[in-house]
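Input: a single structure, listed below in structure tokens.
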Amino acid sequence: MCEKCNKKPYYITTAIAYTSRKPHIGNSYEIVLTDAIARYKRMQGYDVFFQTGTDEHGQKIEMYAQSEGCSPKEYVDKISGEIRDICDVLNTSYDYFIRTTDPQHEKTVQKIFKKLYEQGDIYKGSYEGLYCTPCESFWTETQLVDGKCPDCGREVKPTKEEAYFLRLSKYQKQLEEYIESHPDFIYPESRKKEMLNNFIKPGLQDLCVSRTSFKWGIPVDFDPNHVVYVWIDALSNYITSLGYDPDGSSEKYKKYWPADAHIVGKDIVRFHTIYWPIMLMALGQPLPKQVFGHPWLLFGEDKMSKSRGNVIYADELVKLIGVDAVRYYLLSEMPFGNDGSASYETIIERFNSDLANTLGNLVNRTIAMNNKYFDGIVQAPTCPEPLDDELKQFCLDTVKKVDDCITSFHISDALETVMSLAKRCNKYIDETAPWVLAKDEAKRERLGTVLYDLLEAIRYVAVLLLPFMPDTHTNILSQLNCDIADYDSLAEFGKTVAGTKLGEPVPLFVRIDPEKLYEEIVEMQRANAAEEKAIEEIEEEIPEIPIDDFAKCDIRVGEVKACEKIKKSKKLLKFNIFDGSGERTIVSGIAKFYQPEDLVGKKILFVSNLKPVKLCGVESRGMILSAVEGEGDDERLQVLTIEGMPAGSKIC
Ligand code: MSP
């Protein structure tokens, strides 16, 4: 308990994002998730310290900076700024944004490194292995996949490097015991099992913690050929920001450390539950209370990547559908245990059905009815009926359920619970039919009571929405002209004050036209893909591939039997192609260059063995080949055609 403010401290963090590229919407999930928890804890009266930030060192940054013709610092300043802007656009309430290039962080990391070295937990040795430069990772022969880096599939080079190592092996037993005796430390349970069985129990190898092959890192001050390599630098952020110092830490550190929760993606649970606790044990510091590993948000089944042309950025989506709708989407779309799958269909569906219909209509029609029947004045609930008790109980139960869900990090379930209350209110409207009551003067008091209960239940919805959709929370309360929004006001149903004059109902969410939004998103993605292509061209030469890779691609002659526009899209044409044995549908994004009738009767070339995909609801089985040049308005395209060969002929 803090003596000054009399509140219990609560320290929560996200992982710090790499400053390699502007983060896509999947990367932004974590900050919104953590923000929801931080806001909830604040609402419950905790003294919350919520930290996020950027992880800015490493060889990759050096390379990106070089390709952009700037210094690494200029590069990370730019990307860190973009990341922070996205956190701001998403209305996240972080208290501190740390950068690993902050002088205080760098100085403390040097001290930590030295302390660990002096006490023998870090020692000097050499690293020999197969090195993948883009991934900055050493691999052993057996870890390679087809002789290439198992992470990125690129060439690896045999390399030997002098390096410092952290003695993980020394702490293995202690860590294992800690995890076994602190059942909540690694959460959820499945991740704990994974860590113990796959990594810890088989035996920990000492960790390489310095590099000499690049310069963009924190120098090891007593051996300046070395820079501190990634995890000691990155993980320390959680304590350097608070003022941890091996020679004596700050009051702030003493107040907030150990952290209550580190929120991290599933891929880095290992570093937070093995390297980090061991570092802390070696420093003689307490361990964080909990590490929560969340799943990933994918696009369809795929990872999001600009070059695949399926990238969405949170700030761009915010421009299209608004910040709370993006937050709602991220928080509701991600299940607790499995990866979530983003798609335009679900973005639109959730917006129109949950936000515009369920929530928006509820608030709008309730306020409109109270304005119509009672001139906007909230009536006293003088005529209760047993049915009302159910609604009241539902409100109280919702508060409890939301708490259970958030405490166990089931954030999408928490949000769904709040939305269930909005649905229950809509059902109450159907059950009580206020418009029927309004026709009978004798039922006026009952009508006033029904509307009171609804307005109070909407107040519950609004208060509980704060962690998830802060603007909507404020918007609803302002339409209700209500300032009773503290968490404790939810302990008892009936805090809305009779006699209050409501504001004018303003729609919270205006339904989205799916076609229009779809076009806008596709346009955005095309721009992003073009930009990425340009970056990739600077960055990487087109790779050489073995002939076997090419042989996997089955290219055939096909005859265009029919072609039509796809209604939902300006870009797509749907082709019926005779492939020599039957007809198949292929969707192609060439409507800008061809009218549907232009290619009918022509023989085209197409890739016949691509995995089918659905585009605008139409299954496409293959890809028509074209020659392209230029970009944007200057782009030219011509479909490859052939004469004198029958449909089905193989191209080789
Ligand atoms: N810099 C390291 C973390 C160091 S923490 C001491 C890192 N950075 S990252 O930019 O690659 O990822 C930042 C966080 O975003 C990680 O927790 C990661 O798991 C998460 N995500 C990355 N892609 C994601 C999705 N597609 N979906 C959800 N979270 C994702 O790792």
In this structure, does S213 turn out to be without any contact (Cβ under 8 Å) to a residue 12 or more places away in the chain and either more than 26 Å from F50 (Cα to Cα) or not hydrophobic (A, V, I, L, M, F, W, C) (or both)? no
For the stretch 1-21: of the residues being at pLDDT below 95 and more than 10 Å from the ligand (Cβ to nearest atom), which is nearest to E333 (Cα to Cα)? K7
So which of A234, A163 ends up being under 30 Å from E106 (Cβ atoms) and either in contact with a Pro (Cβ under 9 Å, 6 or more places away or on another chain) or within 16 Å of the ligand (Cβ to nearest atom) (or both)? A234
Within the bounds of the stretch 387-399, is there any residue that is farther than 19 Å from K423 by Cβ and in contact (Cβ under 8 Å) with a residue 60 or more places away in the chain? no
Does at least one position in the stretch 102-121 carry a residue that is touching a strand residue (DSSP E or B) at 6+ places or on another chain (Cβ under 6 Å) and assigned to a loop (DSSP other than H, G, I, E, B)? no
Could you list, in sequence order, all residues of the stretch 544-600 that are among the polar types (S, T, N, Q) and either surrounded by 15 or more Cβ atoms within 10 Å (Cβ to Cβ) or in contact with an Asp or Glu (Cβ under 9 Å, 6 or more places away or on another chain) (or both)? S569, N576, T585, S588
Matching residues in the stretch 601-636 - criterion: being exposed (fewer than 15 other Cβ atoms within 10 Å of the Cβ) and at pLDDT 90 or above: G601, K602, N609, A627
Would the stretch 332-347 turn up any residue that is in a helix (DSSP H, G or I) and within 14 Å of the ligand (Cβ to nearest atom)? yes
Tally the residues that are outside any loop (DSSP other than H, G, I, E, B) and surrounded by fewer than 23 Cβ atoms within 10 Å (Cβ to Cβ), restricting the search to the stretch 241-260. 5
From K8, K41, which residue is surrounded by 19 or more Cβ atoms within 10 Å (Cβ to Cβ) and of a type outside the set (G, A, S)? K41
Being within 12 Å of the ligand (Cβ to nearest atom), buried (at least 20 other Cβ atoms within 10 Å of the Cβ), at pLDDT 85 or above and more than 14 Å from the chain's Cα centre (by Cα): is that true of P277 here? no
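Matching residues to (1) more than 15 Å from the chain's Cα centre (by Cα); (2) surrounded by fewer than 21 Cβ atoms within 10 Å (Cβ to Cβ); (3) more than 16 Å from the ligand (Cβ to nearest atom); (4) in a strand (DSSP E or B):
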position	(1), (2), (3), (4)
P23	no, no, no, no
G26	no, no, no, no
D35	no, no, no, no
F50	yes, no, no, yes
Y64	yes, no, no, no
C70	yes, yes, yes, no
Residue pairs meeting the criteria (Cβ under 8 Å; at least 6 apart or on separate chains; first assigned to a strand (DSSP E or B), in the stretch 1-19; second at pLDDT below 95 and basic (K, R)): Y18/K60
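The values are calculated or read from the model by the stated rules, or taken from the named source; none is laboratory data. Just so it is clear, the model here is predicted, and its values are computed rather than measured. When we count neighbours, we look across all protein chains shown, and the Cβ atoms used for this are built from the backbone with ideal geometry, even at glycine.
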